1. Pull up all non-local amide H partners of ILE290: gap of 5 or more, or a different chain, and H-to-H distance under 5 Å with H placed in the peptide plane.
2. What residues qualify as long-range amide H neighbours of ALA66, i.e. H under 5 Å apart, gap of 5 or more or another chain, H built at 1.01 Å from N?
3. Quick one: accessible surface of MET175, probe radius 1.4 Å, all protein chains present, in square angstrom to the nearest 10.
4. Residues with beta-carbon under 12 Å from that of SER129, excluding SER129: net charge, scoring Lys, Arg +1 and Asp, Glu -1?
5. Given that just one value was derived from the coordinates, which of (i) 24.5; (ii) 16.8; (iii) 17.6 is mean projected area of the Cα convex hull in nm²?
6. Which helices, counted as full DSSP H runs in the chain, have an axial Cα extent of no less than 18 Å and a Kyte-Doolittle average of 0.5 or above?
7. Please list MET96, MET90 in order of solvent-accessible area, largest first, computed with a 1.4 Å probe with all protein chains present.
8. Rounded to whole Hz and in sequence order, give me ³J(HN,Hα) for the stretch 56-61 from the Karplus expression 6.51 cos²θ - 1.76 cosθ + 1.60, θ = phi - 60°, writing x for Gly and Pro.
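The values are calculated or read from the model by the stated rules, or taken from the named source; none is laboratory data. Keep in mind the model is a prediction, meaning the values are calculated, not measured. Here Cβ is always computed from backbone atoms with ideal geometry, including for glycine, and neighbour counts include all displayed protein chains. Each accessible area value is taken on the protein alone, full model and side chains, heavy atoms only, with ligands, DNA and RNA left out. Shrake-Rupley method; radii C 1.70, N 1.55, O 1.52, S 1.80 Å.
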Amino acid sequence: MKKTLIFVAALALFACKEEAPKDYVTFSGKITNKNSDSLVVRTRDYSKTIQVNNDGTFSDTLKVDAGIYNLFDGAESTSIFLKNGFEIDMTIDTKMFDETVKYTGTGAEHSNFLAEKSLKEEQLIDVESLSKIADMETLEAKLDGIKTELSTFYNSNKAIDSSITNDASKNLEPMLKSLKSYIGSAIALKNEFPKGTPSPTFSDYENYDGTTTSLSDLAGKYVYIDVWATWCGPCKAEIPFLKEIEKEYHGKDIQFVSLSIDDDRSHGGSWDKAREDWKAMIADKELGGIQLFAPKGWQTEFIQDYKINGIPRFILIDPTGNVVSPDAPRPSSDELKALFTELNI
């Protein structure tokens, strides 16, 4: 009897002993159609690489400060909320990255909210659709509606960590203000250069082949102008699409012009270096079309006339030298071919 009482007392002590909270996150999951053999969990001050097995599974532990982290799979990224003590399992198919990411386990609700937030913002803040708005009054009304809908969503789930919702609410106003400025500039540009307005012109710009070219030399065909620079990442991202468009429309009623605004300031103070880098990239990328060099970079009159303060910018001019669009669709946009079809090019 005495032994039994001792055993029961010991068992009671063991049962009542509080288990120490985990000081780490357990993070596991499976990736379908993986892009890499690793994942990177990171912030500005933290980085952890997690190995991904051949079958797409992974598992690791992380010691973190509670907060939002970026999860990068080698091609795309998403946001995840981590806090020591969480046990999170993730599934994702990279063919539909944002649409398929799902989390289960302790603390998963916060990351699921972030995934839903990303999709919601992408759905509502459709820049391509907003860019079709023709007046500021309509734009402001549309942005007010977006603000109301997103604010309601951010505060719809009181179980979500307040740092997430507070951060989202804090960033909403600046985000929409920046969007208003961007779209508003496009609206102002279209109002200043409505379809049929005589286009600003240029004369005797340096051509890659050693000759010079003026806009008047191109009369009789549509002219699609790509304003770019060798140092511009988004410009270079459009190059493969531009080459495809040029190939598809070769011999048709349109000429493709690429106008570089490389200048001395972006090339170590040397105009010679700017020209050298411009010519080197044309050769390296095997760029087609008519390749021109703006004589004064950003300060070139044609660039100033079209109020270009960000690149790439695409301009479409008709065969008589009138504006079709001062801010034409990019080569990567399906809208460009639709526009060409509309114009019977």
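1. When sequence neighbours closer than 5 places are left aside, the close amide H contacts are PHE256, VAL257, SER258.
2. Under 5 Å from the amide H of ALA66: ASN84.
3. For MET175, solvent-accessible area is about 70 Å².
4. On the way: positive: LYS132, LYS142; negative: GLU122, ASP126, GLU128, GLU335.
Once all neighbours under 12 Å are counted, the net charge is -2.
5. (i)
6. Working: long enough: 2-16 (21 Å, 1.79); 108-124 (24 Å, -0.93); 136-154 (26 Å, -0.21); 162-192 (45 Å, -0.30); 233-248 (24 Å, -0.59); 271-285 (21 Å, -1.35).
What comes out of the filter, once short or polar helices are dropped, is 2-16.
7. Values: MET96 100, MET90 5 Å².
I get MET96, MET90, largest accessible area first.
8. Each residue's phi maps through the Karplus curve to give x, 7, 7, 7, 6, 10 Hz.
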